[in-house]
1. Please work out the FRET efficiency for the pair Asp63 and Glu168, using the Cβ-Cβ distance as r and a Förster radius of 35 Å; give the result to the nearest 0.05.
2. Taking amide H atoms as placed 1.01 Å from N in the peptide plane, list the residues 5 or more away in sequence, or in a different chain, whose amide H sits under 5 Å from that of Val97.
3. May I ask you to order 18-26, 84-92 by the average number of other C-beta atoms within 10 Å around their residues, highest value first?
4. Would you please give the residues with an amide H less than 5 Å from that of His102, counting only those at least 5 places away or on a separate chain, with H modeled from the backbone geometry?
5. Go through 50-57, 140-147, 97-104 and give me the packing order, highest mean Cβ count within 10 Å leading.
6. In nanometres, what is the gap between the two model label sites at Arg161 and Asp141, each 7 Å from Cα along Cα-to-Cβ?
7. So, in nm, how far is label Asp80 from label Glu123 when the simple model puts each one 7 Å beyond its Cα toward the Cβ?
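Where a number appears in this text, it was derived from the coordinates with a stated rule and is not lab data. Computed from a prediction, not measured in an experiment: that's the story for all the values here. Here the Cβ is made from the backbone with ideal geometry for all residues, glycine too, and neighbour counts use every protein chain on show.
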Amino acid sequence: MTSAASAAPESPVERSDDAVLLDALQHQVAVFARRAEQTRLGGVGQVRNSMDRAAYLLLNRLDLEGPMGVKALAAGMGIDSSTVTRQVAPLVDTGLVKRASHPEDGRAVVLQLSARGLARLEEVRSSRRELMSQVTDDWTDEERHSFTTLLTRFNGALAARAARTAAEPGPGTEPAERSGAGTPS
């Protein structure tokens, strides 16, 4: 004996317009991530793939914000101090970043962009700028502004979510214990 429910043909699950839109968004973000990795959004010409993402982001932050310590650099980038230390080491070794005494506390060390690092960063920025120009060549200025604004907003929302998630307590811990807050440095 079959019930009416089991005898009826299965119908596809109807998805709301919101679900369809969010599925399309997550798919496009995944495609973007793959394409970005494939091209490394490195730019054009000989400079194209010559600087990895971590180095570019570190050099860019030091250029925009000036000399800073490892902890401040890590906090600003939303990553561990140990990760920054590991990523900065080859930049120091190649002379793109230099260590200097903190201007107010000579005992502390800050990282700063060297003249060589700034020149290299400008070379990479120029190459990447040319790539962005080529990719969006048929876009209007308004479309470029809108895309930049929305992508900035999207990245900010992802960063805020990551910060909230990192601050959530683990099983049996308080938020301060998990984040290291209140621990002497």
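1. 0.60
2. Val92, Ser114
3. 84-92, 18-26
4. Excluding prolines and chain starts, which carry no amide H, the hits are Ala108, Val109, Val110.
5. Listed from highest to lowest mean packing, they are 50-57, 97-104, 140-147.
6. 3.4 nm
7. 3.3 nm
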